[in-house]
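The values are calculated or read from the model by the stated rules, or taken from the named source; none is laboratory data. Only a predicted model underlies this, so the values are computations on that prediction, with no experimental measurement involved. In this analysis, Cβ positions are derived from the backbone assuming ideal geometry, glycine residues included, and neighbour counts consider all displayed protein chains. These accessible areas exclude ligands, DNA and RNA; they are computed on the full protein's heavy atoms, side chains included. Shrake-Rupley method; radii C 1.70, N 1.55, O 1.52, S 1.80 Å.
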Amino acid sequence: MNLKSFLIMICFIPVIMAQVSPSFAQTTIFDLGQVVVDTDEEQQQDLTIEEKSVISQKSLKSYKVVDISEILADELIEASMIRKSGYGNEVGLRGFTKSNLRFLQDNTLIEGSCGSRKDPPLSHINMLTVKSMEVKEGPYDVTVPGALGGNINVITKNPQQGFHAEAFSKFGSFGFLSQGGYITGGNSNIMGLFGYNYSMSGQYKDGSGKRLHSFNDTYNDAGRRMDAFSKHDYWGKILLKPAENHEILISSSYGYGDDIMTPRVGMDTEEERTYLNKIEYKIKNLSSISEEFKISGYYNRIEHYPYGKFRSSAANDKRIEAISFIAGGQIENKTFTDLALLTYGTDFYYRNWYGDIIHRHTGVVLNDELFPDVDIYNFGMYLKAEKDFDNLSVTVGLRGDIFHTQAQEKLKNSKLLTNENSQTDVYPSAYMFCKYFLNDQTNIFGGTGLTTRAPTAVERYTQQGSAFFGNPGLDPSHNFETDLGFETKLFDRLTFRAKGFYSYIDDYIYQTSVPVRTWTNIDAYLIGGDINVQLDICCGFSIDGGVAYQRGRKLDQPAGNNDKDLAEIAPLKTKLAINYEYNGLFSVFEWVHSDDYDHIDRDGGETPLDGWDVFNLRIGYQFSGQEGNLSLLNGASLNFGINNIFDKEYAVANSYEYDPTDPGGANVKIVNEPGRFIYGSLTYKF
């Protein structure tokens, strides 16, 4: 989208705001499909069931997972997962995956460093740090740049006054182990927090007994014996309150993993280092025109070193050095006016990404521009207005971005497509969203919006070889989306929520194999929806159920591809769970079903996958209110679970995706899910 279109969109704001009544009422803040996965039970009192779903602290601790994507795929009916290994998996929302979503920690952007996304952004966040997770679907958040299909923001725990601590130990099948904890304390002026976690696992077996290495036939003897991963995580925060209504929050985390197995692609990870840092200064009630003012800065760096030590292929002699950092900041202000509640601000970031292929025995550089030292700049400004009119709540938002990318090294392969190695894109994002309350228990909601994401450094500049490289001439993708939904609560027991969406994607970034393997722009659309039902029966029993379906189609075809189906679109998914909770005891027995994976892009590398039915069980007990000798157990919780009770053999992710660790850009492998997995945990908090 050009500068002219951008200026036209800016002109819409006065028209929209002219429709807003000058009277002001209590503003209802809402976002379509926003879900909060909350681990702080005190915060739950502020959440309404119409706008947010809650996973309680004890439920979250009952999971066996290491990375966040598994929780999201299980708890959200509209979410799917791309299985890559025992660790470092990817999440999708309503057909949008990978770079078509934005991932954040505490409102700061996180990007991995691996071209084949062996380290998706959520894998760099340790589960013990998590306070809540906000999932926003669609183009309804102008505070985040480049979120084509939505964003996932992980909010981490803050320090507390006094002295508190939590210790955690979890163990399970296939040598899975996770141990750690944190301490926090301080007074009203200064508080601190420090935590540590160690986790590891051997190779799991799928439902037919195949070990993890068997999904890629390039593993050598050492690879067939290696563990799946091991990882150390450290994190800390300092919260300062130098004056009334003033807060300074400083946070930092460091992660180190080694020998992370990834059979989905052609190399494993020798080591990986994660550095996440942020400082934020917040002032509340600063003046009559500032209810809350904040300024923040961050620096996130990922060092990723794949190698072929455990492979018998040509990759055995290779090692990749891939390093990416992103530094940015944000200035934001909130103001109550007679017109509306206004949130406005500006943000920027600079990202650098380079990667070289090295002979791991001699140190000779084999390819000095796998990722040719790419600089990425983004500057944006945004405005959001929220207003209530009796039974109607309205939110409108507008954003403008200037995005610039440049490769600092020669593009010796991509010159076959274009000689340009510097691009500047100017584009808008905008939306309007409404919620109308028919009564206190029932409302309808809907919105329409536009959002844009620019091509990644991999898509534009990868220089793997003469048969596979990036396309510098790619245009940004634009998502024009409309959503409509309905929700109600009957008899204070039954909650029903349904929503549907249609996305027209202009210049969707898609892979192509003719004349070489690279990426191109096509037009496409996504359509789908989901239904969620919650029923409170009695005596502590309740039922949750849901169904989600989406379908993607190409409106024009990449060269050499005649299949109309869009890739990476998960099939119909249903879920039914029976819950019990009483006096500290809780249990969840769930059935999850997926239809056959047959609406696929065969020409893009996908293959049909059978549908599946999986049953899981989680049981836990929270000790509280004990007396006498048992009082020492207050604050302890025990959890036990079985995933895939009947040891089903199945896969949830297909094979569309080029492997940048392969000179020919081969399609990635399909990795089956773990078989029966039994686990338990003990947590003690005081």
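Each residue in the range 389-410 was checked for being farther than 23 Å from Leu148 by Cα and open to solvent by less than 20 Å² (accessible area, probe 1.4 Å), and 2 pass. For the range 555-567, taking the residues that are open to solvent by 30 Å² or more (accessible area, probe 1.4 Å) and in contact (Cβ under 8 Å) with a residue 24 or more places away in the chain, the one that is nearest to Leu526 (Cα to Cα) is identified as Leu555.
Close Cβ contacts (under 6 Å, 6 or more residues apart or on different chains) running from residues in the range 141-160 that are over 22 Å from Leu249 (Cβ atoms) to residues that are open to solvent by less than 10 Å² (accessible area, probe 1.4 Å) and assigned to a loop (DSSP other than H, G, I, E, B) comprise Gly149/Leu101; Gly150/Leu101; Gly150/Gly138. For the range 213-222, state whether one or more residues are at positive phi and of a type outside the set (Ser, Thr, Tyr). Among the residues of the range 213-222, not one is at positive phi and of a type outside the set (Ser, Thr, Tyr), which makes the answer no. For the range 326-341, a residue qualifies if it is in contact (Cβ under 8 Å) with a residue 40 or more places away in the chain and part of a strand (DSSP E or B), and the qualifying residues are Ile326, Gly328, Gln330, Glu332, Asn333, Lys334, Thr335, Phe336, Leu341. Of everything in the range 493-521 that is part of a loop (DSSP other than H, G, I, E, B) and of a type outside the set (A, V, I, L, M), the residue that is least open to solvent (accessible area, probe 1.4 Å) is Ser513.
Of all the residues in the range 593-636, those that are among the hydroxyl-bearing types (Ser, Thr, Tyr), under 31 Å from the mean Cα position of the chain (by Cα) and closer than 30 Å to Lys685 by Cβ number 1. Restricting attention to the range 98-135, the residues being aliphatic (A, V, I, L, M) and part of a loop (DSSP other than H, G, I, E, B) number 3.
Any idea which residue in the range 450-484 is nearest to Thr518 (Cα to Cα), counting only those that are open to solvent by less than 10 Å² (accessible area, probe 1.4 Å) and of a type in the set (Gly, Ala, Ser)? The selected residue is Gly470.
Restricting attention to the range 637-647, the residues being more than 17 Å from Phe686 (Cβ to Cβ) and open to solvent by 20 Å² or more (accessible area, probe 1.4 Å) number 6.
Residues being of a type in the set (Lys, Arg) and in contact with a strand residue (DSSP E or B) (Cβ under 9 Å, 6 or more places away or on another chain): count how many of those fall in the range 618-674.
Total satisfying the criteria: 2.
Tallying residues that are farther than 30 Å from Asp317 by Cα and either among the hydrophobic types (A, V, I, L, M, F, W, C) or within 23 Å of the chain's Cα centre (by Cα) (or both) within the range 216-270 yields 14. Determine which single condition Leu490 fails, assuming it passes every other condition in (1) within 30 Å of Phe389 (Cβ to Cβ); (2) in contact with a Leu (Cβ under 9 Å, 6 or more places away or on another chain); (3) not polar (S, T, N, Q). That leaves (2) as the condition not met. Considering the range 537-554, and only residues there that are among the hydrophobic types (A, V, I, L, M, F, W, C) and out of contact with any Asp or Glu (no Cβ under 6 Å at 6 or more places or on another chain), the residue that is surrounded by the most Cβ atoms within 10 Å (Cβ to Cβ) turns out to be Val547.
Within the option set Ser655, Ser631, being open to solvent by less than 40 Å² (accessible area, probe 1.4 Å), small (Gly, Ala, Ser) and at pLDDT below 95 holds for one residue only, Ser655. For the range 278-337, the set of residues classified as open to solvent by 60 Å² or more (accessible area, probe 1.4 Å), under 17 Å from Asn245 (Cα atoms) and basic (Lys, Arg) consists of Lys284, Lys334, listed by residue number.
Set side by side, the residues Ser201, Ser188, Ser230 differ, and just one is closer than 30 Å to Val130 by Cβ, buried (at least 21 other Cβ atoms within 10 Å of the Cβ) and not basic (Lys, Arg), which is Ser201. Assess whether Lys210 counts as being free of Cβ contacts under 8 Å to residues at least 40 places away in the same chain and either over 30 Å from Arg117 (Cβ atoms) or of a type in the set (D, E, K, R) (or both). No: the conditions fail for Lys210. Scanning the range 93-111 for residues that are of a type in the set (Ser, Thr, Tyr) and closer than 20 Å to Ala327 by Cα yields Ser99, Thr108. Criterion applied to Val671, Val614 was being open to solvent by less than 70 Å² (accessible area, probe 1.4 Å), modelled with pLDDT of 95 or more, closer than 28 Å to Ala467 by Cα and not small (Gly, Ala, Ser), and the one residue passing it is Val671. Considering only residues that are in a strand (DSSP E or B) and within 20 Å of Arg360 (Cα to Cα), which ones fall in the range 282-319? Listed by number, the residues that qualify are Glu303, His304, Tyr305, Pro306, Tyr307, Arg311, Lys318, Arg319. The set of residues in the range 569-593 that are over 17 Å from Asp544 (Cα atoms) and either of a type in the set (Asp, Glu) or open to solvent by less than 30 Å² (accessible area, probe 1.4 Å) (or both) comprises Ile569, Ala570, Pro571, Gly584. The sole residue among Tyr354, Tyr344 that is in a strand (DSSP E or B) and either modelled with pLDDT of 95 or more or surrounded by fewer than 18 Cβ atoms within 10 Å (Cβ to Cβ) (or both) is Tyr344.
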